[in-house]
Amino acid sequence: MNKISIKIRYLLVLFFLANFVILTATGIRLYRYLFFTPCRLEVNCRGYGVDIDWMKQWENQERDGSQGILAMAGWNFAGRKEIYAVGVGRTDTAQLLKVYGSMEQVFPVRILSGVYGLAGRENACVLSRDLAEALFGSDQVTGEQVCLDGEEGEKIFLEIAGVIDREGKYMLVPMSEGEVERIAVLFDKRFQAREKMKENLAIPADSE
């Protein structure tokens, strides 16, 4: 066997070994992506009759963890509202979102101050960075109060529980009844997440 044949065989072995290593690494990354990476799915459910009672039923069914749901939220866009900053006297207009469940799933962004979730706090709200700065000149406004008009013209006073790193002027408040326009669900892994969402909602979902 001449030196050229030996060299060719050596190069072929190196080639197959390199491809094996690449394919193995790709397979490991894909496995981790499918089975160890959480997946957030969001659905536009306006007009489908999905309400908070339905969401509570889904939450109760998930108590055994069979579907791998880590968090869930449903929300409505309640229109633009005039928000008054108590104590500083400034007023601005913001998009009001009424949220049930894990508020962090509405806008999965960084918390600048305070807390994001409002479980058990009916008279509290979360502001976006732009709204907080427009009203108070700062995003460090946890504990401050804002006021807006209710559906019947009554004044509603809310304590700011947190500020999130979100562009645009938004106020998020908790809701406890009624239909929701959008739902976001955080699954523990991507594998079959869409199938699980479709099984429960039969509505196309977007993932993140």
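Under 20 °C and 1.002 mPa s, how fast does the chain diffuse according to Stokes-Einstein, given a Kirkwood radius computed over C-alpha pairs? Answer in µm²/s, whole number. Stokes-Einstein gives a translational diffusion coefficient of 108 µm²/s. Each Cα pair under 8 Å and six or more residues apart adds its separation to the average, and for the stretch 39-207 the resulting relative contact order is 37 percent. Cβ-to-Cβ counts within 10 Å put PHE136, PHE15 in ascending order as PHE15, PHE136, the fewest first. Residues whose amide H comes within less than 5 Å of that of LYS169, counting only those at least five positions distant or on another chain, are GLN95 (H built at 1.01 Å from N in the peptide plane). Phi angles of the stretch 87-99 translate, via the Karplus equation with coefficients 6.51, -1.76, 1.60 and θ = phi - 60°, into HN-Hα couplings of x, 10, x, 8, 10, 8, 9, 9, 7, 8, 10, 9, 10 Hz per residue; Gly and Pro are given as x.
For the chain, the residue among ALA193, SER138, PHE16 whose Cα projects farthest onto the positive side of the dipole built from Cβ charges is PHE16.
Under 22 Å of direct C-alpha separation, and excluding same-chain neighbours fewer than eight residues apart, LYS196 reaches these lysines: LYS56.
The fewest-to-most ranking of ASP139, ASP53, ASP64 by surrounding Cβ atoms within 10 Å reads ASP64, ASP53, ASP139. When +1 charges are put on Lys and Arg Cβ atoms and -1 charges on Asp and Glu Cβ atoms, the dipole computed for the stretch 39-207 relative to its Cα centre reaches about 500 debye. Rounded to the nearest 500, the 222 nm mean residue ellipticity of the chain from helices alone is -9500 deg cm²/dmol, with -39,500 (n - 2.57) taken per DSSP H run of at least 4 residues.
How many nm is it between the label spots at LYS7 and ASP92, if each spot is 7 Å from the Cα in line with the beta carbon? Each label point is offset 7 Å from its Cα along the Cβ direction, giving 7.1 nm. Note on LYS81: lysines with a C-alpha under 23 Å away, same-chain residues under 8 apart excluded, are LYS98, LYS155, LYS169.
Order these by the 10 Å Cβ neighbour count, fewest first: LYS56, LYS155. Mind showing how you got there, number by number?
Details: LYS56 12, LYS155 9.
Least crowded to most crowded, the residues run LYS155, LYS56.
None of the figures in this text is laboratory data; all of them are computed from the coordinates on show. Please read these numbers as outputs of a predicted model, since none were measured by experiment. Cβ coordinates were reconstructed from backbone atoms using ideal geometry, including for glycine residues, and neighbour counts include every protein chain displayed.
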